[in-house]
Amino acid sequence: MMKKVFAYDVASDKDIERMMTEGEAIKLYKELSEKDGTFIGIYYDGDKFVQFAWETAGFWLMEIPQMEKDGALHKYVGYRECIELIRDIYKGADPNLTDGLHFESF
């Protein structure tokens, strides 16, 4: 199954947006630099997406925009959990149901 993936890597200044398989998305995630401003996002339901932004060594901020509520669901995730979440999204899981998410206003 292909999903639209977007990413930006600060170290290489590489901006990516294209359809990818689960394996391609995970490979891209693993190759991203751990620099402030680096992120990867995956569309999971039409125009809805989840984004993972590098935050600090070993941790990424999972963010799911909630435009109708003027905010986003957030959770800090580790490297391995991020890979598991990407796999789950490709299997059709709703990332909004991820344990530990909390809402923050914009």
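The values are calculated or read from the model by the stated rules, or taken from the named source; none is laboratory data. For clarity, every value in this text was computed on a predicted model and none was experimentally measured. Backbone-built Cβ (ideal geometry, glycine too); neighbour counts: all protein chains shown. In case anyone asks, the SASA skips ligands and DNA or RNA and just uses the protein heavy atoms, side chains included. Shrake-Rupley method; radii C 1.70, N 1.55, O 1.52, S 1.80 Å.
Phi angles across segment 63-73 convert, under the Karplus curve 6.51 cos²θ - 1.76 cosθ + 1.60 with θ = phi - 60°, into 3J(HN,Hα) values of 9, 10, x, 10, 4, 5, 10, 6, x, 8, 7 Hz, Gly and Pro given as x. Using the Cβ-Cβ distance between Lys48 and Tyr76 with R0 = 25 Å, the FRET efficiency computed as 1/(1 + (r/R0)^6) comes to roughly 0.75. For segment 5-22, putting each phi into the Karplus relation 6.51 cos²θ - 1.76 cosθ + 1.60 with θ = phi - 60° gives couplings of 10, 10, 7, 9, 10, 4, 4, 9, 6, 9, 10, 10, 7, 6, 6, 9, 7, 4 Hz, in residue order, rounded to whole numbers and with x for Gly and Pro. For the chain, the per residue solvent-accessible surface stands at 58 Å², with DNA, RNA and ligands left out and a 1.4 Å probe.
Under the combined filter of DSSP loop state and at most 13 neighbouring Cβ atoms within 10 Å, segment 6-106 retains these trypsin sites (Lys or Arg not before Pro): Lys35, Lys91. In this structure, Glu68 and Asp99 have a Cβ-Cβ separation that, at R0 = 22 Å, corresponds to a calculated FRET efficiency of about 0.45. One quarter of the surface of the convex hull around the alpha-carbon atoms of segment 3-74 equals 5.0 nm², the direction-averaged projected area.
Compared with the direct C-alpha span, the chain from Lys35 to Lys4 gains 8.9 nm at full extension, assuming 0.36 nm per residue.
The Glu84 and Asp15 beta-carbon pair, evaluated with R₀ = 25 Å, returns a calculated FRET efficiency of approximately 0.45.
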